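The values are calculated or read from the model by the stated rules, or taken from the named source; none is laboratory data. Source: prediction; values computed, not measured. So basically every Cβ, Gly included, is an ideal-geometry build from the backbone, and we count neighbours across all protein chains shown.
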2 protein chains.
Amino acid sequence: MAQISFARGVPAPECLPVELLAECAKSAIERDGKTVLSYGTGLGYAPLREWIGARHGVDPGRILLTNGSLQGFVYLAQHFFALKPGGRAFVEAPTYDRPLLVMRDFFGAEPVGLDLDDDGLDPDALEHALADGGQRAGFLWTIPNFQNPSGRTLSLERRKRIVELAQANDLLVLEDDPYGLVRYDGDALPSLFELDGGDHVIYSSSFSKTVAPGLRVGYFVLPQALVKPLEAIANSTTISPSLLPEATLVEFVRGGHFEPNLERVCGLLKARRDAMLDALDEHFGGTGATWSHPEGGYFLWLDFPEGTDAGALLAQATEAGVTFVKGADFYADGRGRSSARLAFSFVDLDQIDDGVARLASLVGAAV
Amino acid sequence: MAQISFARGVPAPECLPVELLAECAKSAIERDGKTVLSYGTGLGYAPLREWIGARHGVDPGRILLTNGSLQGFVYLAQHFFALKPGGRAFVEAPTYDRPLLVMRDFFGAEPVGLDLDDDGLDPDALEHALADGGQRAGFLWTIPNFQNPSGRTLSLERRKRIVELAQANDLLVLEDDPYGLVRYDGDALPSLFELDGGDHVIYSSSFSKTVAPGLRVGYFVLPQALVKPLEAIANSTTISPSLLPEATLVEFVRGGHFEPNLERVCGLLKARRDAMLDALDEHFGGTGATWSHPEGGYFLWLDFPEGTDAGALLAQATEAGVTFVKGADFYADGRGRSSARLAFSFVDLDQIDDGVARLASLVGAAV
């Protein structure tokens with residue numbers, strides 16, 4: 001029986017533009033080898049920073065390229081928390097777990113979880129937390145589009161309120177948006193960065209979901225005041241990020257491949273999302289389970305019928321050839337016991353119905 | 001007047017095998033694109049780890065690839081110093097300055113400088129430091145071959161004593177050896193790693209000096225006990241290092257290019273070292289200045305005549321079109337005031353005599 005992974009939050013292999021990137025890597029070195037193959041600056045390869053700057057309407061001097069956007073988070077945490085015990089940051093609950101590990105294990109900093117609902121992060125929760133000594137929090141980290149793990153998107157009204165709260169309280173927001181361009185339906189909402197103007201918001205994204213994760217190219221669009229300190233941290237960590245993947249991406253975007261490839265990727269993944277929603281309707285309809293309906297990204301959030309032990313279910317499901325990540329892994333406080341993150345990005349399209357059916361057949365027993 | 005840089009410790013552009021790497025990057029993606037372009041493990045691209053493991057006679061499971069070996073240092077410092085105030089490490093004095101910044105600025109850890117002479121790090125200094133409460137030091141960091149900045153090489157006898165001291169005191173040694181293969185004459189000495197057997201020594205190197213620094217591929221050969229903790233740190237920082245440069249190097253070494261390229265690079269750099277030693281003899285002979293005679297690497301150390309203010313000289317030299325790095329930058333305690341690190345790796349061969357002559361003409365005035 002084939003293993004069906006609803007756990008892996010990575011693009012299906014056919015999403016990767018292998019042949020194009022092979023050509024782009026070669027021409028990147030041929031075009032600018034002396035620069036690409038030598039040391040660069042801590043900010044990264046200038047031509048890619050210029051392209052990103054133009055897309056976001058900011059000076060390229062504000063773009064920091066990193067070896068994946070997680071490394072940007074490490075740099076930011078370093079800036080706020082290193083050698084300063086007792087640091088805190090506001091985070092969404094549930095949220096992507098790795099940055100929580102970075103905060104705690106690297107810096108001893110405390111994530112302060114703010115609840116989500118179907119419209120994303122609740123601004124009232126942020127307002128309460130700010131009133132409750134929250135000034136001490138270094139920043140708010142939010143994933144506004146197709147959030148990992150919930151698949152939820154922050155509404156326009158809430159974006160506006162969060163920006164107002166950030167401005168009124170001089171709170172920095174890290175807007176972590178790897179999935180924003182991977183949208184299957186509905187209209188894109190303005191980013192917090194756009195609503196704010198860019199003084200209180202770091203916009204963070206990467207090429208992992210739009211081109212290829214193995215390139216490990218993430219970026220920050222920084223408020224001017226943060227450029228120097230984060231560049232210094234980057235410099236002391238890697239001297240410069242890997243330039244070959246960055247230059248390969250320059251060839252890719254200059255060759256006009258970015259938008260057509262993204263459209264192709266969205267087509268491949270939309271079919272998977274649709275298949276998963278259909279399968280949930282068919283196999284979980286009427287069981288008491290509920291799930292999110294993401295308009296893009298890689299994930300949806302499944303609340304099993306009340307009382308289900310997702311950990312026990314995961315053990316049985318793994319034996320039955322289906323994996324997922326249990327909800328509790330995305331909470332700092334042990335909640336999410338009856339929930340799961342289902343990734344539809346990696347699994348073969350024709351395995352989705354089978355995998356969801358297997359889960360449904362097991363769920364009744366895992367209480 | 002052309003600017004002559006004895007400051008830049010980077011390879012001259014003609015050292016970079018541009019055309020070969022362009023082909024290798026392309027074939028790396030063509031051969032193994034689905035793996036190279038997706039997420040990997042925190043340890044890095046398996047085929048390159050296998051090649052490195054075979055060269056060092058260790059299981060590939062002990063090889064950690066990083067985005068440059070400086071990042072390996074950051075991971076190691078993280079492991080020893082994060083959330084543990086008051087950490088210390090033994091370092092050479094003088095030494096490469098960036099890791100000192102990492103220790104202090106990132107972790108609040110204190111470098112304990114041990115003096116060098118013409119035979120490298122003095123084991124007596126290490127023994128004294130160990131007796132003097134030195135057990136608290138997390139590790140000893142040494143650059144045994146053609147040290148940055150001094151160009152000095154640790155003698156065989158001292159290597160043996162340092163390994164004995166490490167074993168007797170259960171002290172971890174970080175053997176940082178980016179330059180070891182870039183040897184112009186004399187015989188290679190056994191590494192501390194080889195003398196020890198690998199339980200007390202991390203061997204660290206990179207492809208920055210043998211192939212190309214912009215690839216940002218460094219590596220650690222780890223004692224088994226350190227693999228899991230450092231992999232976890234790597235994972236939380238970048239998920240996996242950039243795989244494209246690592247896979248490009250696999251094509252490069254499998255194509256049989258590593259040794260011939262290294263021989264070519266050594267030829268280009270030996271001519272520069274010889275030219276610099278000749279120029280020093282000619283222009284600084286009889287002035288009271290002394291300098292190291294490196295058998296490899298990028299740097300030599302110049303002690304100007306007593307009383308010279310290297311900082312003042314640098315200002316004048318920069319105006320006269322010649323740059324270097326002043327000695328004090330490589331000491332944690334302000335020593336090195338009359339010294340300089342001269343890099344011969346980057347400057348054009350035919351500029352070396354001119355640059356040294358300009359320095360000599362200024363040195364009398366800079367007291």
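Might you let me know whether the range B:276-288 holds any residue that is buried (at least 24 other Cβ atoms within 10 Å of the Cβ), more than 14 Å from every other protein chain (Cβ to nearest Cβ) and over 27 Å from B:R49 (Cα atoms)? Yes, there is a match, as at least one residue in the range B:276-288 is buried (at least 24 other Cβ atoms within 10 Å of the Cβ), more than 14 Å from every other protein chain (Cβ to nearest Cβ) and over 27 Å from B:R49 (Cα atoms).
Name the residues in the range B:314-341 that are among the aliphatic types (A, V, I, L, M) and either surrounded by fewer than 20 Cβ atoms within 10 Å (Cβ to Cβ) or within 25 Å of B:L116 (Cα to Cα) (or both), would you? Matches in the range B:314-341: B:L314, B:A315, B:A320, B:V325, B:A328, B:A332, B:A340. In the range A:209-234, which residues are of a type outside the set (A, V, I, L, M) and at the interface with chain B (Cβ under 8 Å from one of its Cβ atoms)? Hits for the range A:209-234 are A:P213, A:G214, A:R216.
Within the range B:336-352, the residues that satisfy the criterion of being touching a residue at least 24 places away in the same chain (Cβ under 8 Å) and within 15 Å of B:S5 (Cβ to Cβ) are B:A340, B:R341, B:L342, B:A343, B:F344, B:S345, B:F346, B:V347, B:D348, B:L349, B:Q351, B:I352.
Annotation: A:D177 fulfils all but one of (1) touching a Phe, Trp or Tyr at 6+ places or on another chain (Cβ under 9 Å); (2) farther than 25 Å from B:I239 by Cβ; (3) of a type in the set (D, E); the unmet one is (2). Name every residue in the range A:322-367 that is touching a Ser or Thr at 6+ places or on another chain (Cβ under 9 Å), farther than 12 Å from A:L302 by Cα and part of a loop (DSSP other than H, G, I, E, B), in order of residue number. Once the filter is applied, which keeps residues that are touching a Ser or Thr at 6+ places or on another chain (Cβ under 9 Å), farther than 12 Å from A:L302 by Cα and part of a loop (DSSP other than H, G, I, E, B), the range A:322-367 yields A:Y331, A:A332, A:F346, A:V347, A:G364, A:A366, A:V367. Among the residues making up the range A:1-40, those that are more than 7 Å from chain B (Cβ to nearest Cβ), under 26 Å from the mean Cα position of the chain (by Cα) and outside any helix (DSSP H, G or I) are A:Q3, A:I4, A:S5, A:F6, A:A7, A:R8, A:G9, A:P11, A:A12, A:P17.
Of everything listed in (1) surrounded by fewer than 22 Cβ atoms within 10 Å (Cβ to Cβ); (2) part of a helix (DSSP H, G or I), the single unmet condition for A:V163 is (1). When A:Q71 is tested against (1) under 13 Å from A:V227 (Cβ atoms); (2) within 8 Å of chain B (Cβ to nearest Cβ), just one condition goes unmet, and that condition is (1).
The residue of the range B:321-335 that is farthest from B:C15 (Cα to Cα), among those that are of a type in the set (A, V, I, L, M, F, W, C) and in contact (Cβ under 8 Å) with a residue 60 or more places away in the chain, is B:A332. The set of residues in the range B:166-182 that are more than 17 Å from B:R88 (Cβ to Cβ) and either aromatic (F, W, Y) or assigned to a loop (DSSP other than H, G, I, E, B) (or both) comprises B:D177, B:P178, B:Y179, B:G180, B:L181, B:V182.
Taking the range A:79-130 as the range and being among the aliphatic types (A, V, I, L, M) and free of Cβ contacts under 8 Å to residues at least 40 places away in the same chain as the test, the residues that pass are A:A82, A:L83, A:L101, A:V102, A:M103, A:A109, A:V112, A:L114, A:L116, A:A125, A:L126, A:A129. Here B:L64 passes the criteria (1) hydrophobic (A, V, I, L, M, F, W, C); (2) assigned to a helix (DSSP H, G or I); (3) touching a residue at least 12 places away in the same chain (Cβ under 8 Å) except the one numbered (2).
Here A:H200 meets each of (1) under 28 Å from A:G33 (Cα atoms); (2) more than 8 Å from chain B (Cβ to nearest Cβ) with one exception, condition (1).
When B:M103 is tested against the conditions (1) out of contact with any Pro (no Cβ under 7 Å at 6 or more places or on another chain); (2) buried (at least 24 other Cβ atoms within 10 Å of the Cβ), the lone failure is (1).
Of the residues A:L249, A:L269, A:L243, the single one that is surrounded by 19 or more Cβ atoms within 10 Å (Cβ to Cβ) and more than 23 Å from A:G72 (Cβ to Cβ) is A:L269. Taken over the range A:152-205, the criterion of being over 20 Å from A:F220 (Cα atoms), in contact (Cβ under 8 Å) with a residue 40 or more places away in the chain and acidic (D, E) is satisfied by A:D185 alone. Screening the candidates A:W291, A:W301 for the property of being free of Cβ contacts under 8 Å to residues at least 60 places away in the same chain, crowded, with 19+ Cβ neighbours inside 10 Å and within 15 Å of A:P149 (Cβ to Cβ) yields one hit, A:W291. Consider the range B:41-68 and keep the residues that are closer than 29 Å to B:A137 by Cα and at the interface with another protein chain (Cβ under 10 Å from one of its Cβ atoms). The one that is surrounded by the fewest Cβ atoms within 10 Å (Cβ to Cβ) is B:G68. One residue stands out in the range A:74-87 among those that are under 20 Å from the mean Cα position of the chain (by Cα) and at the interface with chain B (Cβ under 9 Å from one of its Cβ atoms): the one that is farthest from B:I233 (Cα to Cα), namely A:Q78. Of everything in the range B:92-121 that's closer than 16 Å to B:P178 by Cβ and part of a strand (DSSP E or B), which residue is farthest from the other protein chains (Cβ to nearest Cβ)? Across the range B:92-121, the extreme among qualifying residues is B:G120.
Residue-wise test of (1) at pLDDT 95 or above; (2) more than 19 Å from A:P99 (Cβ to Cβ); (3) buried (at least 17 other Cβ atoms within 10 Å of the Cβ).
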{"position": "A:Q167", "(1), (2), (3)": "yes, yes, no"}
{"position": "A:D176", "(1), (2), (3)": "yes, no, yes"}
{"position": "A:R183", "(1), (2), (3)": "yes, yes, yes"}
{"position": "A:L189", "(1), (2), (3)": "yes, yes, yes"}
{"position": "A:D196", "(1), (2), (3)": "yes, yes, yes"}
{"position": "A:V201", "(1), (2), (3)": "yes, no, yes"}
{"position": "A:L215", "(1), (2), (3)": "yes, yes, yes"}
{"position": "A:I233", "(1), (2), (3)": "yes, no, yes"}
